[in-house]
Amino acid sequence: RIFSSKRNVSIMDFSNYIFRSSFIGNIISVPKPLTSKQLETLAAFRKKDKLTDLQKKDLISLEYKHNESKEFKLNDGAKKLLNQIVFDEKYGRIWVLENDYLEKGNRVEKKSRDLMTKVLNIPLVKDDERKKNEWVTGKRDINTDNIIIDIKSKFDFNSFNSCLTDSSNEIYLRQLDCYMDLWNVKESLLCHVLVDTPFDIIINRLKKLQWSDVILDLGHDNFIDGQISSDDKIELVIKEISNHIYTREGLENFCNEFEAIKIEWFNDFVEIPESARIHMIPHTFDKVRIEQRNECIKLAREYMKT
């Protein structure tokens, strides 16, 4: 079907295109309002009968910024995403974003949910229902009645640590806005969770180290069967593994499975407590944010027509 010549690309209509909730954060760009001081200055300038040349220039600048603050626009990142969606929809291609980060997230979904269940002492059950309205479609992670819980399994310790203050959380919160809208729920939790990375993904990461910094003896083309080439390379291996494994049990299992990795290298290994591997951000439903979303979706649909 993908390569069928019968697909009529000339009549594709994006006037009512329904977006996946996970895309919404990449589409929304909210105009930046004037500061309270700028608004005060603007109001004062408007009341004055006479302005200096400099004040006239400032007034024009403030008026322009004030008008801009009311106008929604798509940024270049949003347009790039919309271009991809249109191309896929028109020509029957399937856009699959594949990388180690997404692969881990998909594969440890249950582990992350189980960790949340254990730490919160609340049974969390997967929800397979998908909902949609005239704007978005989505499938939430957890089946609950009065709160949306969205789990983001972090790729490694560094990405988990950065999420504590990372502004990219806003992209995830926009996704939660959609879920709360779809399920008519007023409260939500964005949950960053850290669980051990699947072993084959770690091995692939170690193999990538081999490209830039030889860590194996010459003649060993298989990392699993090889030996670390020198003591200073052991530190690189320890650093990479410790960034992906957080439990003593996981570390021991990894070393037992791969002979080249020695458990005695990890005498300084510190297991991260389960409660320290969950970071929760509460988020409340806001009608204004939904209105902002809808304005951006309108712009997106118009852009997709072009």
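Table for the structure above
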item: Hits in the range 88-133 - residues which are among the basic types (K, R) and farther than 19 Å from F23 by Cα; result: K104, R107, K110, K111, R113, K118, K126
item: Any hit, the range 109-124, residues being under 30 Å from K48 (Cα atoms) and either in contact with a strand residue (DSSP E or B) (Cβ under 6 Å, 6 or more places away or on another chain) or at pLDDT below 95 (or both); result: no
item: Restricting the range 81-108 to residues that are in contact with a helix residue (DSSP H, G or I) (Cβ under 9 Å, 6 or more places away or on another chain) and exposed (fewer than 11 other Cβ atoms within 10 Å of the Cβ), the residue that is modelled with the highest pLDDT; result: I94
item: Tabulated pairs, the range 1-23, first open to solvent by 100 Å² or more (accessible area, probe 1.4 Å), second modelled with pLDDT under 95 and part of a loop (DSSP other than H, G, I, E, B), C-beta under 7 angstrom, 6+ apart or interchain; result: R1/G92
item: Residues (open to solvent by less than 10 Å² (accessible area, probe 1.4 Å), charged (D, E, K, R) and assigned to a helix (DSSP H, G or I)) located in the range 135-188; result: D177
item: Residue list for the range 248-274, filter: without any contact (Cβ under 8 Å) to a residue 60 or more places away in the chain, in a helix (DSSP H, G or I), over 15 Å from I203 (Cβ atoms) and among the charged types (D, E, K, R); result: R248, E249, E252, E264
item: Checklist (1) modelled with pLDDT under 80; (2) touching a Cys at 6+ places or on another chain (Cβ under 7 Å) applied to V9, failing item; result: (2)
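The values are calculated or read from the model by the stated rules, or taken from the named source; none is laboratory data. This structure is a prediction, so every number in the text was calculated from the model and none was measured. Quick reminder, even Gly has a Cβ in these numbers, built from the backbone with ideal geometry, and neighbours come from all protein chains shown. Heavy atoms of the whole protein, side chains included, go into the accessibility calculation; ligands, DNA and RNA do not. Shrake-Rupley method; radii C 1.70, N 1.55, O 1.52, S 1.80 Å.
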